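The values are calculated or read from the model by the stated rules, or taken from the named source; none is laboratory data. Keep in mind that what you see is a predicted model, and the values were worked out from it rather than measured. Heads up, the Cβs are rebuilt from the backbone with ideal geometry, glycines too, and the neighbour counts pull from every protein chain shown.
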Amino acid sequence: MSEIAIVGGGPSGAMCGEQLARAGHQVHIFDEHLAWEKPCGGGLTHKAVHCFPFLLDNPYPKKIVRSVELISSEDHRANLEMTHPIVIYSRKVLNGMLLDRAKSAGCKVHQSHVLGVDTSTAKPRYSVDGEWRTADFLVLAAGARNQIAAESRPLERDELEMTQGYFVPQTADSITIKFLPHFEGYIWSFPRCDHLSVGICGSMASHTSAQLRTHLTAFVEKHAIATEGAKFYSHVLPSPQERTLSDRAVLGKNWALVGDAAAWVDPLTGEGLFYAMRSGELLGKSLAEGCPEKYTAWVKAAFSCELEFAARIVRRFYRGSFLGTAVTTRMVQLMNRSAVFRQLMGDIFSGSQDYTSLKRRLWGHLGVNVSEFISSVLNLPAAAELPRGGAAAD
């Protein structure tokens, strides 16, 4: 494969292009917007910084945040102090940095809109600037609702979430996460260098755009966040189901999906930046080796098991109850009662604790109530059925 076309210049497309260009391939990245803002927090967790140290060691403006305030639907509050901070970028800055790296590696970056793709022939074709062109391989990195290869399928409403948000000219030092009653999603306030990203995300199958706007308006008014003159954004992101991650095609004979287009997003937290960058890197390396079939196996080993686990528990987390009230409410209450549980949640939020190894950390270190709570959420065996080796922490 000498010539590779990448549709989409976000984190996944830019990372994939950088890998391929460094390996000597001729790479063209096409994006209508290039670096642009997007209604999301822009946070990069510990696993992202650990995997890509340049995210911390660079001159680009960023915010280092070590604390998170969680607010339950009934306004219980808990504060988390994270051992590993979250690094927060403006999406325009982050996308610009990753595109700069891709250009430095040798990618040709074009501010153009690809209108269509055709993967039915031996060499894939794409339509840009009024003409059809060919490449040896086509990387589709243009988001959850953009054109995809015919061999795959579009994401359905229950595999998507809607986000709405403001960029507010205020500053803060802590992230705020607000849960809502009977709502599959949350409200966020993420501090960036010179503004706040304040927004809401919710399942498209369960909530309307008007409902999201109403909840967001009530939040900013209650917290005296001045949105007058602030730009309002809305965007659609993937929120994968188990079937999305296990059955949907992300690789064909001459094409592949990465990032949001592949639905590589944590459906529980909404984190997508790490998975976008990591999937772009893994696809780039597999193509550089001339073995695109390695891509799906590497993704499986790297993170897709984590996403499948999150997809299994996401509805129970947002809609479930424990001891007569919402799971999210009990979670906030238990964080105030147990220092060990609070540290555990801080590690989950910062990205230093993954889901699949979570249960190994639990038993013998938490009190009975906390262990039973986590068992109910994660659908694990009851705490009483498991061996204990330490003192309660309540």
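Scanning the range 123-149 for residues that are surrounded by 20 or more Cβ atoms within 10 Å (Cβ to Cβ), touching a Ser or Thr at 6+ places or on another chain (Cβ under 7 Å) and assigned to a strand (DSSP E or B) turns up just one, 138.
Give the residues of the range 217-254 that are among the basic types (Lys, Arg) and either farther than 23 Å from residue 273 by Cβ or assigned to a helix (DSSP H, G or I) (or both), sorted by residue number. Steps first, answer last, please.
Taking the range 217-254 first, the residues among the basic types (Lys, Arg) are 222, 231, 243, 248, 253.
Hits for the range 217-254 are 222, 243, 253.
For the range 291-350, the set of residues classified as in contact (Cβ under 8 Å) with a residue 60 or more places away in the chain, of a type outside the set (Val, Ile, Thr) and touching a Phe, Trp or Tyr at 6+ places or on another chain (Cβ under 8 Å) consists of 292, 307, 318, 326, 331, 335, listed by residue number.
Within the range 323-341, restricting attention to residues that are assigned to a helix (DSSP H, G or I) and at pLDDT below 90, which residue is nearest to the chain's Cα centre (by Cα)? Can you show your working first?
Initially, the range 323-341 is screened for residues assigned to a helix (DSSP H, G or I), giving 327-337, 339-341.
Still in the list and also at pLDDT below 90: 334, 337, 339-341.
On the way: 334: 26, 337: 29, 339: 27, 340: 26, 341: 24 Å.
Result: 341.
Taking the range 1-108 and the strands (runs of 3 or more DSSP E) fully enclosed by it, the elements with 1 or more residues that are more than 23 Å from residue 283 (Cβ to Cβ) are at 63-71, 77-88.
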